[in-house]
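A short worksheet on the structure shown next.
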Amino acid sequence: MSVGTTVQRQGANSELVKRMFEAGESMNVHNFVKFYADNALYQFGNFPVAYGPQGIVDTSQGFLAKVRKVVHHIENLWEIDDETVVCEMTVTYDRHDGKSFTLPCCDTIKIRGGKVQALKIYMDVTPVFAD
């Protein structure tokens, strides 16, 4: 993970978000879901919403079959209030077939009690899944 230029009101929630992205980069979904509350909402673009850690695990299988490596390049990270973090970045996806895509992304993350309650990922990941 690389961090770019702007971090405003950096605090515990910004650090949690960075650690969550690092866990995602491990390509072990069980490391990633440790950051989520039992009733968390996870929405990746236009894909169906997943609920809770097990829902994230269940919906990640197609992604893991297609993608070998993910790197988050954070450009801006803002703590809007005590529960809301907004992250602007590009994300590089390396597929198992050797193709690589770097795509723009903006996430909104709600955090309560040290756990992610909601992650909404705003990006068009279509190129990664195209043949």
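A compact table of results
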{"read-out": "Residue identified as modelled with pLDDT under 95 and more than 22 Å from TYR122 (Cβ to Cβ) among GLY11, GLY62, GLY4", "value": "GLY11"}
{"read-out": "Out of ASN76, ASN28, sole residue that is out of contact with any helix residue (DSSP H, G or I) (no Cβ under 6 Å at 6 or more places or on another chain), without any contact (Cβ under 8 Å) to a residue 24 or more places away in the chain and of a type in the set (S, T, N, Q)", "value": "ASN28"}
{"read-out": "The stretch 103-126, residues that are within 20 Å of HIS73 (Cα to Cα) and exposed (fewer than 12 other Cβ atoms within 10 Å of the Cβ)", "value": "ASP124, THR126"}
{"read-out": "Of residues in the stretch 45-61 being in contact (Cβ under 8 Å) with a residue 24 or more places away in the chain and not β-branched (Val, Ile, Thr), the one surrounded by the most Cβ atoms within 10 Å (Cβ to Cβ)", "value": "SER60"}
{"read-out": "Near pairs, Cβ below 8 angstrom, 6+ apart or cross-chain, from the stretch 82-101 (free of Cβ contacts under 8 Å to residues at least 40 places away in the same chain) to any residue that is acidic (Asp, Glu)", "value": "VAL86/ASP107; GLU88/GLU75; THR90/GLU75; SER100/ASP94"}
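For (1) outside any helix (DSSP H, G or I); (2) farther than 20 Å from GLY113 by Cα; (3) of a type in the set (A, V, I, L, M, F, W, C), each residue gets a yes or a no:
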residue	(1), (2), (3)
LEU16	no, no, yes
MET20	no, no, yes
ALA37	yes, no, yes
ALA40	yes, no, yes
PHE47	yes, yes, yes
HIS72	yes, yes, no
ASP97	yes, yes, no
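The values are calculated or read from the model by the stated rules, or taken from the named source; none is laboratory data. Only a predicted model underlies this, so the values are computations on that prediction, with no experimental measurement involved. Ideal geometry is used to build each Cβ from the backbone, glycine not excepted, and the neighbour counts take in all protein chains shown.
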